[in-house]
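This report concerns only the one structure given below.
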Amino acid sequence: MAFPEPKPRPPELPQKRLKTLDCGQGAVRAVRFNVDGNYCLTCGSDKTLKLWNPLRGTLLRTYSGHGYEVLDAAGSFDNSSLCSGGGDKAVVLWDVASGQVVRKFRGHAGKVNTVQFNEEATVILSGSIDSSIRCWDCRSRRPEPVQTLDEARDGVSCVKVSDHEVLAGSVDGRVRRYDLRKGQLFSDYVGSPITCTCFSRDGQCTLVSSLDSTLRLLDKDTGELLGEYKGHKNQEYKLDCCLSERDTHVVSCSEDGKVFFWDLVEGALALALPVGRGVVQSLAYHPTEPCLLTAMGGSIHCWREEAYEADDGAG
């Protein structure tokens with residue numbers, strides 16, 4: 001007799017505050033997990049970038065080399081390199097182990113809001129308030145970018161990269177997707193300045209947040225609106241949004257001190273997680289586990305699901 005398949009466990013949401021880290025770098029402008037979720041990066045208003053083990057609460061290294069506040073950072077697929085961008089208009093490539101600056105790319109006319117590596121970490125893509133995305137070759141000594149994407153009519157707030165696509169959100173209210181294989185540009189008009197955009201983990205959809213306090217889920221290929229998510233407050237700051245590790249929930253920062261979780265399919269609010277008094281500036285979701293990092297003021301918080309027990313080593 002065949003037994004029925006066990007039902008998949010319902011997704012658990014990270015709502016237990018496990019750790020609070022005072023980062024000691026002024027206001028934390030962004031928090032980012034590395035590729036496997038074991039470490040995280042914090043970008044400080046004091047011009048530094050810091051690498052942490054968030055579950056242990058240990059600082060591993062501080063990276064100094066920016067001339068102004070650091071606004072975004074990303075790690076490479078093999079954890080050997082970091083890239084960062086900031087208010088000094090520079091894009092910096094770092095060696096993780098030594099903490100040294102490998103290259104500094106200059107060419108943007110305004111602050112750099114967002115940086116990403118391509119899949120092989122051979123190119124850094126940076127988006128700036130100067131309305132351009134620039135692609136920098138990590139291996140060449142050439143000072144100029146290998147390509148500039150300047151279709152945006154206002155500042156570029158967010159860039160995400162898949163194996164063959166670049167997804168960009170702009171203050172002009174448009175999400176642009178560059179298909180590098182086909183050499184095509186697709187554009188969807190949202191109408192309000194875009195603060196963040198990302199791919200779903202299955203690569204079928206894009207999530208877009210904008211300054212009308214609304215998140216929208218779009219079909220990546222057709223641009224069809226699949227869902228709208230409201231309840232949070234986002235009217236003046238560039239706030240992060242993302243999808244949970246299994247694409248079950250839409251997650252967003254809010255200007256009222258909470259992180260909001262909605263059921264992706266039903267659109268219903270599942271959880272408004274109180275973080276503190278102030279704006280939740282940035283968030284990062286673990287790639288494979290229900291683990292969330294939030295940044296508020298000068299601290300980051302690490303959240304896990306209620307049932308999570310920290311082992312002695314990571315406590």
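When the residues of the range 97-116 are filtered to those that are open to solvent by 10 Å² or more (accessible area, probe 1.4 Å) and under 19 Å from the mean Cα position of the chain (by Cα), which remaining residue is nearest to Val159 (Cα to Cα)?
It comes out as Gln116.
Yes/no matrix, rows are residues, columns are (1) in contact with a His (Cβ under 9 Å, 6 or more places away or on another chain); (2) part of a loop (DSSP other than H, G, I, E, B); (3) surrounded by 21 or more Cβ atoms within 10 Å (Cβ to Cβ):
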position: Cys158; (1), (2), (3): no, no, yes
position: Leu167; (1), (2), (3): no, no, yes
position: Arg176; (1), (2), (3): no, no, yes
position: Lys182; (1), (2), (3): yes, yes, no
position: Leu185; (1), (2), (3): no, no, no
position: Thr195; (1), (2), (3): no, no, yes
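Would you tally the residues in the range 54-68 being modelled with pLDDT under 95 and aliphatic (A, V, I, L, M)?
1
Within the range 244-255, can you find the residues that are in a strand (DSSP E or B) and open to solvent by 10 Å² or more (accessible area, probe 1.4 Å)?
His249
Do you know which residues across the range 46-55 are part of a loop (DSSP other than H, G, I, E, B) and open to solvent by less than 40 Å² (accessible area, probe 1.4 Å)?
If the condition is that a residue be part of a loop (DSSP other than H, G, I, E, B) and open to solvent by less than 40 Å² (accessible area, probe 1.4 Å), then Pro54 is the only one that fits.
Going through the range 131-148 one residue at a time, which ones are buried (at least 20 other Cβ atoms within 10 Å of the Cβ) and over 14 Å from Ala168 (Cα atoms)?
Trp136, Pro145
Within 22 Å of Pro143 (Cα to Cα) and free of Cβ contacts under 8 Å to residues at least 40 places away in the same chain: is that true of Ser64 in this structure?
Here the answer is yes, as Ser64 does meet what is asked.
Residue check: is Gly227 part of a strand (DSSP E or B) and either in contact (Cβ under 8 Å) with a residue 40 or more places away in the chain or surrounded by 21 or more Cβ atoms within 10 Å (Cβ to Cβ) (or both)?
Criteria met by Gly227.
Which one of these is of a type in the set (A, V, I, L, M), over 23 Å from Leu207 (Cβ atoms) and within 20 Å of the chain's Cα centre (by Cα): Ala121, Ala73?
On inspection, the qualifying residue turns out to be Ala121.
Tell me, which residue of the range 256-290 that is assigned to a loop (DSSP other than H, G, I, E, B), free of Cβ contacts under 8 Å to residues at least 40 places away in the same chain and open to solvent by less than 20 Å² (accessible area, probe 1.4 Å) is nearest to Ile300 (Cα to Cα)?
In this case the residue turns out to be Val275.
Which residue out of Glu119, Glu151 is under 22 Å from Leu71 (Cβ atoms), among the acidic types (Asp, Glu) and either open to solvent by 40 Å² or more (accessible area, probe 1.4 Å) or in a loop (DSSP other than H, G, I, E, B) (or both)?
Glu151
Can you tell me which residue is surrounded by the most Cβ atoms within 10 Å (Cβ to Cβ) among those in the range 15-39 that are farther than 17 Å from Cys241 by Cα and among the hydrophobic types (A, V, I, L, M, F, W, C)?
Per the stated criteria, the residue is Leu21.
Provide a single number: the residues in the range 25-82 that are touching a Lys or Arg at 6+ places or on another chain (Cβ under 7 Å) and among the acidic types (Asp, Glu).
Final tally of qualifying residues: 1.
The values are calculated or read from the model by the stated rules, or taken from the named source; none is laboratory data. Computed from a predicted model, the values in this text were never measured in an experiment. FYI the Cβ positions are ideal-geometry reconstructions off the backbone, even for glycines, and counts take in every protein chain you see. The protein model used for the area step is the full one, side chains on, heavy atoms only, and it has no ligands, DNA or RNA in it. Shrake-Rupley method; radii C 1.70, N 1.55, O 1.52, S 1.80 Å.
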